[in-house]
Every structure is written in structure tokens, then in C-alpha cells.
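To start, the structure under review is shown below, and the notes come after it.
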Amino acid sequence: MQLDLSKIKHVHFIGIGGIGISAIARMMLAEGKVVTGQDMQDSEIIHDLEKAGAKIMVGQSIENIPSDTELVVYTIAIEYYDPELFKKLKEGNIPVRSYPEMLGIVSAGKYTIAISGTHGKTTTTGMIAQILMDNKKDPSVIIGSLLVGSKTNFIAGKSEYFVVEACEYRRSFLQVNPKVLVITNIDADHLDYYKDIEDIKSAFRELATAVPADGFVVCNVNDKNIKDVIEGINAKVVDYQEFFDEHLKLKIPGTHNKRNAAAARAVGSIIPIESSDVDSALLNFPGTWRRFEYKGTLPSGTKVYDDYAHHPAEITACLQGFRELYPNGDGWKITIVFQSHLFSRTKALLPEFASCFTDADKVLVLPIYFAREVDDGTITPQILADKILENGVDALAFTDFKSAEEFVKNLNLGEKDILVTLGAGQAYEVGDYILGL
């Protein structure tokens with residue numbers, strides 16, 4: 001059934017605290033619609049939505065949907081962690097759309113710039129948004145984090161440009177209609193859904209072939225996992241390696257961020273925007289929430305950071321960035337408080353997790369953030385810590401957050417120590433605790 005959003009006055013969101021779906025909620029609020037929602041847990045994102053005018057309940061039930069609701073938007077996760085609720089939604093009389101389906105609806109008819117890839121999506125999306133905003137292109141933006149400064153994951157622009165972070169999980173990004181598609185990289189991930197790397201590549205292939213002949217695919221053409229994806233596609237392929245500048249001065253460190261900047265520069269050339277204006281915008285880019293985010297300094301002088309990195313490749317790149325700023329040779333020590341994300345990912349990539357912390361001095365392993373999964377007992381924080389130890393890095397596992405917080409609080413950390421909370425879950429709470437936030 002066709003959906004005319006202009007005629008809908010009341011939208012209800014299930015899983016409204018999610019970083020992506022909450023951006024659609026903000027969009028609906030900006031359009032003057034009544035927004036209600038529900039989520040399994042309270043959060044900063046929910047509080048901010050409430051301040052913006054949304055009415056939200058903590059707890060999840062079909063009964064939470066107001067009777068005058070004209071559209072329900074749901075997170076695709078409920079199909080798997082609450083199938084009974086999902087069944088009732090589908091059997092009800094109110095139109096329902098998933099978050100990915102809503103992205104497809106709002107991107108239709110727009111000049112959509114979709115940023116995909118296993119790593120670097122959020123930062124690259126933020127960079128492209130900064131370039132367009134600084135150069136008065138007035139884009140609408142949906143990003144999988146919060147932009148530093150504005151503290152929002154949605155920008156309501158008035159131009160044809162729509163910049164969106166496009167996630168590959170369960171092939172969600174296939175709902176988006178890109179005129180410009182960025183593929184930052186492709187690695188094995190989401191192996192609770194995809195069978196293997198070839199299965200993942202098939203999803204990216206389907207997305208790349210959907211880009212029209214007058215569109216563009218921006219990628220690293222020499223990436224072994226991307227070559228098959230782009231072979232013979234209709235769109236013009238732009239190699240972002242041609243835009244890489246190792247001397248580019250960014251506010252966020254790391255070679256991986258210079259690669260993200262190269263992809264953003266390539267998009268700038270397509271719009272087109274003068275290269276000097278593109279670089280000026282990139283130099284101003286402050287980063288995004290939970291990406292190399294400085295949280296504060298302890299009385300002892302120890303600096304505390306937080307980062308969302310939760311895949312081994314992301315962790316390696318993140319720690320290399322920290323070592324650029326805080327080199328071993330200058331006596332800096334880096335302590336990581338890490339929460340692995342999903343039992344399935346931790347098991348499937350255990351060797352990679354075990355070896356990705358080589359730039360750290362100590363790793364404190366928190367209970368695994370299981371999200372949508374059930375613990376079958378085959379992977380634990382202790383197993384991960386033991387594997388990290390085998391790779392020559394000091395590691396210690398914790399069975400609960402409270403004991404980890406007290407342990408960190410009593411560590412003898414000084415001016416030459418850096419503490420980094422790491423992961424897609426709630427590791428940041430440890431940093432907030434010791435900082436008194």
C-alpha cells in the first residue's frame with residue numbers, strides 16, 4: 001500500500017530510542033506531526049526526543065500504541081526479539097513500516113547520498129554533511145550517531161540533498177535509493193545473519209547495481225572485497241584513493257579517518273564543490289558522538305575517552321589513532337575498558353578480537369552486550385580475556401559493571417595514562433562513573 005506521509009498526523013515508533021529510528025522520529029517532529037513511541041529502556045536519546053515534543057513510554061506492548069495512531073514505525077529487531085508483538089503489528093489495522101522502509105520512503109525523489117560499509121560509515125556521513133552544510137547546500141541528514149555540537153542525529157534541510165548512513169544489517173540498506181553510494185570498506189560482520197563474506201558482498205552488490213547510470217559509486221577499487229561488488233555496474237565508479245591526502249590535518253586522528261575524508265572529498269567533487277572549500281569543511285569537522293570522544297580528565301591527570309569501535313578492524317584502527325596522539329615512546333599507557341557486542345560476533349571473530357588490542361597496555365573485559373541474542377554459555381568475557389592474554393596484552397575479565405567500575409576507580413592511573421571505554425554497548429558508563437558524570 002502506498003503511503004502519503006503528508007496526510008499522516010500521528011506516528012508511533014517502536015524502539016524509538018534506536019540511533020537510526022530516532023532520527024526518523026525527529027524528522028516527523030520537524031514536519032509538525034504528533035510523535036509517540038516506546039522503547040525497552042530509557043536513554044539520553046529518549047530524553048532529548050521528549051524535550052523536542054515526543055511522548056514516550058518505557059516498556060513495550062501493543063497496548064502502548066495510542067488509538068489515534070495513523071502509522072507505526074518499528075525497529076527491525078522486534079521481528080526477532082519480540083515476534084509476538086511483531087505478529088500483532090502486522091495483523092492490526094494501522095499501517096506499519098520498518099525503519100529501513102521509512103528510509104526508502106523519505107529518500108525517494110531526493111538526491112540521496114548513501115554512506116555504506118562495515119566501518120567508517122558514521123564518521124564519513126558526518127564529514128559529508130559538514131561539507132554540504134558549510135557550503136550552503138542545506139542537506140537533510142540522518143546519521144547513526146549524534147553530531148558534536150548540535151547533539152542530533154537528524155538535520156532538516158530544505159534542498160534536494162539527502163545524506164544518510166545506510167546499514168547493511170539484514171540488508172536494510174536495500175530500501176534506500178542512492179544517486180551517490182559510498183562504500184567505505186567491506187569486512188566480515190553481522191555473521192548472526194550473513195553466512196559468510198560472500199553473502200555480505202552479495203548484499204553490497206545488489207545495492208551497487210541499483211545505483212542508476214547517471215549516479216556514482218565511491219569506493220576503494222583495489223579493495224579485494226569490493227572488486228566483485230562493482231564489476232560491470234551501470235553507475236560511474238569513483239576511486240576515493242585518488243582523493244587521499246596523508247598530510248590532511250583533521251581534528252580526529254588516525255589513517256582510517258583520512259580514508260574516510262578521502263571518500264568525503266570524492267563526494268565533494270561529484271556535487272561539485274571546490275576542493276579548497278571541501279578541505280576547509282573537513283578541517284572544521286569535530287567528529288561525532290562516541291567516536292574518539294574526549295569525556296574528561298581525572299584529578300590524577302588521566303584523560304578519559306569513549307569510542308564506539310566494536311569490530312576488531314575498528315578497534316585496531318581506533319587504537320592506532322590513539323597511538324598517533326599518545327605514542328609508546330613518550331611513555332603513554334593506554335587502558336581499555338571493552339564491552340564486546342553480541343555473543344555471535346565475539347565467537348565468530350574470537351581470533352581477531354584476541355589480536356586487535358596490541359596497541360593497548362591493559363584490557364578490562366566487561367560482560368558481553370547481548371542485545372537481541374540469548375546467552376548459550378559458549379562464549380564469556382573470561383574466554384575473551386584469556387585469548388587477549390595469549391596475544392601478549394594484560395587482560396582481566398569482569399562479571400558485572402559494578403566490580404569493573406570499582407576496579408578502575410582504584411587503579412593507580414596518572415598523567416601519562418589514557419583510559420578508553422570501547423564498544424557499542426554501555427562501556428561508556430564506566431568512564432562516566434569514575435568522572436562523576
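The values are calculated or read from the model by the stated rules, or taken from the named source; none is laboratory data. Quick caveat: nothing in here was measured; it's all calculated off a predicted structure. Neighbour counts are summed over all protein chains in view; Cβ atoms, including those assigned to glycine, are modelled from backbone coordinates with ideal geometry. Areas reflect the complete protein model, heavy atoms only, side chains present, ligands, DNA and RNA absent. Shrake-Rupley method; radii C 1.70, N 1.55, O 1.52, S 1.80 Å.
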(request) Specify which residue in the list Asn220, Leu181, Ile379 is farthest towards the positive end of the charge dipole of the chain, using unit charges on the beta carbon of Lys, Arg (+1) and Asp, Glu (-1), about the Cα centre. (result) Leu181
(request) For segment 231-300, give the magnitude of the charge dipole about the Cα centre (Cβ charges: +1 Lys/Arg, -1 Asp/Glu; no others), in debye to the nearest 20. (result) 440
(message) Accessible area per residue for the chain in Å², computed with a 1.4 Å probe and the full protein assembly in place, what is it?
(response) 42
(request) Go through segment 126-208 and name the chymotrypsin sites (Phe, Trp or Tyr not before Pro) that are in a DSSP coil and have 16 or fewer other Cβ atoms within 10 Å of their Cβ. (result) Tyr193
(message) Charges on Cβ only, +1 for Lys and Arg, -1 for Asp and Glu, centred on the Cα centroid of the chain; of Ile334, Thr209, Ala348, which one is farthest towards the dipole's positive end?
(response) Thr209
(message) Only four residue types carry charge here, +1 at the Cβ of Lys and Arg and -1 at the Cβ of Asp and Glu. Report the dipole size of the chain about the Cα centre in Debye, rounded to the nearest 20.
(response) 900
(request) Using just the helices of the chain, give the 222 nm mean residue ellipticity in deg cm²/dmol: DSSP H runs with n ≥ 4 each add -39,500 (n - 2.57), and the total is spread over all residues, rounded to 500. (result) -10000 deg cm²/dmol
(request) Any of Lys151/Lys258; Lys295/Lys362; Lys7/Lys88; Lys110/Lys249; Lys151/Lys249 with alpha carbons more than 26 Å apart? Name them for me. (result) Lys110/Lys249
(request) Give me the percent of the accessible area of segment 100-229 that comes from carbon and sulfur atoms, probe 1.4 Å, all protein chains in place. (result) 48
(message) For the ranges 351-358, 113-120, 410-417, what's the packing order if you count other beta-carbon atoms within 10 Å of each residue, average per peptide, and put the highest first?
(response) 113-120, 351-358, 410-417
(message) Using a Förster radius of 56 Å, what is the FRET efficiency between Ile270 and Tyr80 based on their Cβ-Cβ separation? Nearest 0.05, please.
(response) 0.90
(request) Pick out, from Ala427, Asn410, Gly392, the residue whose Cα sits farthest towards the positive end of the charge dipole of the chain, with +1 on the Cβ of Lys and Arg and -1 on the Cβ of Asp and Glu. (result) Ala427
(request) Multiply the residue separation of Thr297 and Glu160 by 0.36 nm, subtract the distance between their alpha-carbon atoms, and state the gained length in nm to one decimal. (result) 45.1 nm
(message) Placing unit charges on C-beta atoms (Lys and Arg positive, Asp and Glu negative, everything else neutral), compute the dipole magnitude of segment 158-243 about its Cα centre in debye, rounded to 20.
(response) 260
